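Working notes, beginning with the structure itself.
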Amino acid sequence: MYQILDTINSPEDLKSLDDGQLQLLCREIRDYIIECCAHNPGHIGSSLGAVEIAVALHKVMDTPKDKIVWDVGHQAYAHKIITGRRKAFLHNREKGGLSGFTKMSESEYDNFGAGHASTSISAALGLAVADELKGIDACHVAVIGDGAMSGGLAFEGLNNAGIRKSNLLVILNDNRISIDVPAGALHRHLLHITSGANYNRIKENIWRTLGEGRFRAFLQALTRSTKKFLLHNSQTVSMFDSLGFRYFGPVDGNDLEQVIKMLTRLKSISGPKILHLVTVKGKGYKPAEENPTVWHAPGAFDPETGETIHTGGGPDRYQTVFGQTITELAEADSRIVGITPAMLRGSSLDIMKEKFPDRVFDVGIAEGHAVTFSAGLAAGGMLPYCNIYSTFMQRAYDNVVHDVALQNLKVVFCLDRAGLVGEDGATHQGVFDMAAFRSIPNLAIASPADEADLRNLLYSAADSSWPATIIRYPRGCGEGAQWRDRPFESIPFGKAVLLNDGAKVAILSIGPMAGKCAKVVEEARKRLGAEILHYDMRFLKPIDTEALDHACKVASTLITVEDGSTIGGLFGATSEYVAANAPGVHVIPVGVPDKFIEQASVKEQFSECEMGWENILEKVTEIFGI
């Protein structure tokens with residue numbers, strides 16, 4: 001039982017709480033987040049650090065009329081708990097439960113959905129302008145942090161907001177780097193004056209009296225110059241000042257009293273403003289404070305000891321295969337460099353960085369830049385392996401087309417987390433990459449069936465005859481194939497692999513779905529006495545037309561099986577070929593249908609999409625009329 005938290009069912013319940021009760025509420029929210037996430041894993045570090053921000057915002061602002069946009073959503077667990085979803089938070093990221101991110105259809109307090117970074121400023125500005133056009137007087141807040149300010153979209157939003165002069169407050173939740181916060185009476189005095197109501201009322205009156213003109217411009221420039229001279233953080237002030245924002249801070253973002261005071265003052269100041277809050281990622285939980293990288297999303301853990309709970313041995317992770325293989329390849333080829341947008345550890349590119357620190361580049365949350373930077377490296381004679389999660393590659397589509405493919409530059413794109421990803425849900429599903437990029441010239445698309453296949457595709461993609469190549473592979477453990485200490489084997493470009501010969505029905509699979517299809521072939525042999533033709537297509541582009549011709553010759557029905565969208569993916573490519581070359585052959589899709597797949601376990605998502613081996617066997621049984 002929680003003394004204060006159990007009484008909070010909406011932000012309105014915060015309004016009557018005094019300072020001591022609010023402090024207790026913050027502690028109880030942290031305890032509740034830790035309690036829930038210990039058994040039902042989520043993004044814990046960022047949300048622990050942002051508790052005071054959420055409490056202060058809902059204490060000061062009149063939500064949902066005043067609109068808060070949380071960037072990414074990793075920071076928003078306290079916000080969800082405060083806004084009537086405390087009990088539902090027990091089922092965060094579960095099938096039928098809460099999304100791990102903000103979601104408009106989930107609550108009126110979620111003013112904009114967020115799963116990808118750097119969107120908050122643009123979205124909050126849009127909401128502000130919409131309210132202006134409708135004559136609605138409201139405050140609009142964008143809470144950006146966790147590295148999201150490094151994204152180009154954030155700067156585009158700042159640039160536009162500074163020109164429009166809308167009533168927008170951007171809270172920079174700075175938990176990523178250590179900042180030497182200015183100390184001393186002078187800094188506190190300047191901060192108090194420049195955010196005070198009297199000061200700002202007098203200032204606005206002076207500007208209105210002076211009107212537009214050279215003298216006003218001179219005084220404004222003088223004011224900015226004086227602030228830059230006096231304030232220790234002059235470079236930060238100058239940067240935001242030049243974008244048309246008034247800068248306040250830095251302020252201790254975990255000091256609830258100070259944050260409430262600042263928000264109360266800034267609420268009455270018109271125009272675009274930046275409040276710079278310095279927070280501790282994992283605040284209030286020692287293990288998370290000491291190792292914020294691991295505790296960004298640690299999985300299940302013991303809340304008392306902080307020890308993570310491991311599920312025991314098993315096959316190697318695809319990410320481990322990538323990290324160790326790319327390091328081996330880099331040892332043999334000095335042209336090879338690794339690039340990632342803020343996914344160094346998650347992708348296992350940190351393995352290569354430890355050995356070749358000057359040849360691995362983490363560019364921050366900037367996927368478009370990662371791709372074009374890789375293109376520049378390729379133009380300069382290097383061989384870049386650019387590792388981006390599949391869902392985030394969507395943000396760099398034009399960069400792939402214009403900066404890599406159009407110029408026929410050799411970049412190897414390693415798309416991690418391809419396919420269905422589980423509890424992160426619709427915002428993070430890696431199911432659109434094959435369909436999105438299949439139409440692009442000078443770009444190959446391959447997907448390994450297992451760990452050994454991934455190792456050899458990474459090796460083979462360096463061949464000078466290969467164009468730019470996407471190699472996509474899923475999150476987590478592989479199929480159990482032996483790959484360690486094995487010599488590299490060259491994979492023929494654009495060639496499928498015949499795994500089983502047969503007739504009447506042909507299964508064409510791509511990627512790790514090959515294992516499920518092999519099970520179908522085995523069960524069909526046992527239960528139906530039938531031999532099913534099975535190709536691991538391996539390449540979506542160029543697709544192996546010889547394999548397709550063979551399948552169409554011996555089978556009247558083809559079943560395409562993929563861990564991606566059937567629209568435009570393997571089903572789309574196969575259907576197009578069959579329509580032109582073997583119109584009498586029937587093609588049946590197995591894959592992700594035309595809808596967004598919400599949060600659930602990967603097993604539950606496969607079941608929802610009817611992608612299990614039992615589903616495929618059922619289709620085979622129907623074809624044989626048994």
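Every read-out reported here was derived from the displayed coordinates using simple, explicitly stated rules and does not represent laboratory data. Note that the structure is a prediction, hence the values are computed from the model and not measured. Virtual Cβ from ideal backbone geometry, glycine too; neighbours counted across all protein chains shown.
Points to keep in mind about this one:
- Long-range amide H partners of residue 389 with built H, under 5 Å: 416
- Separation of the residue 406 and residue 88 label points, Cα + 7 Å toward Cβ, nm: 4.4 nm
- The residues neighbouring residue 384, those whose beta-carbon lies less than 13 Å from its own, together hold a net charge of +1 under the Lys/Arg +1, Asp/Glu -1 convention.
- Across segment 388-402, coupling constants 3J(HN,Hα) worked out from phi with the 6.51/-1.76/1.60 Karplus curve, θ = phi - 60°, read 9, 4, 3, 4, 7, 5, 4, 7, 10, 4, 5, 5, 5, 5, 7 Hz, and Gly and Pro carry x.
- Of the residues 390, 327, 368, the one whose Cα sits farthest toward the positive end of the charge dipole of segment 318-472, with +1 on the Cβ of Lys and Arg and -1 on the Cβ of Asp and Glu, is 368.
- Taken one residue at a time, the phi angles of segment 442-450 give Karplus couplings (6.51, -1.76, 1.60, θ = phi - 60°) of 6, 9, 9, 10, 9, 9, x, 7, 7 Hz. Gly and Pro are set to x.
- For the chain: relative contact order, % (alpha-carbon pairs under 8 angstrom, 6 or more apart): 11 percent
- Cross-link check: pairs 134/283; 95/504; 281/410; 103/541; 519/595; 273/595 evaluated at a Cα-Cα cut-off of 31 Å; pairs beyond the cut-off: 134/283; 95/504; 281/410; 103/541; 273/595.
- From most to least packed by mean Cβ count within 10 Å, the peptides 303-310, 580-587, 43-50 give 43-50, 580-587, 303-310.
- Linear extension gain, residue 549 paired with residue 482, 0.36 nm per residue minus alpha-carbon span: 20.9 nm
- Footprinting exposure proxy ranking of 433, 485, 403, fewest other C-beta atoms within 10 angstrom first, gives 485, 403, 433.
- Distant-in-sequence amide H partners of residue 316 (H built 1.01 Å from N, under 5 Å): 478, 480
- Long-range HN-HN contacts of residue 445 with modeled amide H, under 5 Å: 470, 540, 541
- Proxy reagent accessibility, fewest Cβ within 10 Å first, across 348, 374, 270: 270, 348, 374
- Approximate spin-label separation residue 163-residue 439, in nm, with each point projected 7 Å along Cα-to-Cβ: 3.0 nm
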